[in-house]
Amino acid sequence: MNARKLGNLMLIIGIGIVCYTACSQAYYAYVGYTMAKDLDAQVMAGLRDPEFEPENPSEGGQSVSGDTSDPPPGAAEPSQESGSGDAEAVSIAESGPVSLGDMELPKIEVSAPVLEGTESEQLALGIGHVTGSALPGQPGNCCVAGHRSGRAAKPFENLDKLENGDLVRFIVGDNIYEYEVFDKFVVEPTDVWVLKQDKDESIVTIITCEYVSVGVKKRLIVRARLIEP
């Protein structure tokens with residue numbers, strides 16, 4: 001093979017690598033966007049479910065329309081002292097996602113920020129908290145969602161490896177809340193009962209896609225119960 005043919009071959013290979021990289025990035029961006037929209041559609045459907053409505057809407061909480069009022073009973077009140085307790089969980093940023101703290105899954109070496117909301121903006125950065133569900137450490141069902149694949153944040157890539165007895169930890173300001181995994185199962189996106197609130201228990205429901213693949217419709221659910229101090 002002469003030098004000219006070799007040069008042309010190397011040029012073709014180089015162009016192929018560049019095209020592959022660009023296409024790969026575009027594909028994973030699409031996967032991440034699709035997963036975020038699917039997850040958001042699921043949790044929003046759950047918020048519209050009658051069983052998700054607060055027992056007494058006048059007492060506060062998040063309405064289906066997205067309007068906010070006073071915190072639900074048992075939720076932490078905003079503090080005037082900087083750096084105290086759950087004040088960070090209810091602070092409102094001027095712009096950008098609102099952080100509730102961090103979530104850790106020691107078994108699979110995950111530590112990621114928890115952001116209010118489950119839209120693309122939040123899921124691209126970390127774990128999304130389902131607005132209207134219980135806050136970490138509070139009575140009720142604290143629902144969170146996140147990615148398993150894509151180029152965006154994918155904190156739940158190995159969520160299927162969690163087993164009963166494993167720890168789920170939330171760090172909110174100066175407070176640490178630990179939960180123990182007690183159940184893992186797969187549901188259809190229409191099974192919004194997993195978002196149902198029950199003030200008689202304190203649990204966390206983790207929602208993600210069943211498999212690390214585009215087009216997957218079923219949801220992997222992991223549940224953990226608060227370990228009382």
Within the range 131-229, list the trypsin sites (Lys or Arg not before Pro) lying in a DSSP loop whose Cβ has at most 13 other Cβ atoms in a 10 Å radius. LYS217, LYS218
Just to confirm my numbers, what's the Cα centroid distance between the range 158-216 and the range 101-150 in Å? 9 Å
Can you give the FRET efficiency to the nearest 0.05 for GLU178 and TYR211, using r as the Cβ-Cβ distance and R₀ = 25 Å? 0.30
Which of the GluC sites (Glu not before Pro) across the range 174-229 are loop residues per DSSP, with 13 or fewer other Cβ within 10 Å? GLU201
Listed residue pairs exceeding 22 Å between alpha carbons, taken from LYS184/LYS218; LYS161/LYS199; LYS154/LYS218; LYS154/LYS184; LYS154/LYS217; LYS107/LYS217: LYS161/LYS199; LYS107/LYS217
Among GLY132, LEU162, GLY173, whose Cα lies farthest out toward the positive end of the dipole of the range 110-229, if unit charges sit on the beta carbon of Lys, Arg (+1) and Asp, Glu (-1)? LEU162
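Every number here is computed from the coordinates shown, using simple stated rules; none is lab data. Note that the coordinates shown come from a computational prediction; the quantities given were computed from them, not determined experimentally. Because the Cβ atoms are built from the backbone with ideal geometry, glycine has one as well, and the counts that use them run over all protein chains shown.
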